[in-house]
Amino acid sequence: MAFIKDNRILIVVMILCLIWIIAAMFSYFSFSAFRWTDKKRGFEIKNVHEEEDASLNFFMTMIIPLLIDDVYTPQGALTFAIIVVLMCALLEKTKLFYANPVLSLLGYRIYTFSFVENSTYGEKTCIGIVQGKLKDHPGSIEFKSIDGNVLYVKEITR
């Protein structure tokens, strides 16, 4: 009982982190199911460029500040909570969720490209999340819109 009384703040932070991990697992499984339904096929893309530093930038600006080691104090826990809330607000406003380093760890790569001919996106530059790697000159692709011009893309192999 003394342990709980002495570490109340740390226990609350740990419970919130556990909830966050469960939510992340739910999001992963939801995204896995999302990839298999309602895709548009047979489109060609051009100007393909891999964004190799997207995850590194995300890691340096978002993850490093979370390395606060005194979350057992009220001030440390509040600082941690404020950083997490601001980080979530920033991701929501900027739509940079696709640069998440967890996607890189799971084998996804980020590409920018435009369609050769597509009435929905026209000549607009799109961002593609691809599991694996696209060829330098991919043939036909299938895609599904995640948000705006951010698409889940898969190369169609013959």
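The values are calculated or read from the model by the stated rules, or taken from the named source; none is laboratory data. In this text, all values refer to a predicted model and were calculated from it rather than measured experimentally. Ideal geometry is used to build each Cβ from the backbone, glycine not excepted, and the neighbour counts take in all protein chains shown. Areas reflect the complete protein model, heavy atoms only, side chains present, ligands, DNA and RNA absent. Shrake-Rupley method; radii C 1.70, N 1.55, O 1.52, S 1.80 Å.
Details
- In order through the stretch 6-12: 3J(HN,Hα) via Karplus (6.51 cos²θ - 1.76 cosθ + 1.60), integer Hz, x for Gly, Pro: 6, 10, 3, 5, 4, 5, 4
- Residue ranges 80-92, 109-121 sort as 109-121, 80-92 when ordered by packing (mean number of other C-beta atoms within 10 Å per residue, highest first).
- Taking all protein chains together and rolling a 1.4 Å probe, residue 105 ends up with roughly 150 Å² accessible.
- Sorting the Cα pairs of the stretch 79-121 by distance into bins of 10 Å, from 0 upward, gives 22, 31, 33, 10, 3 percent per bin.
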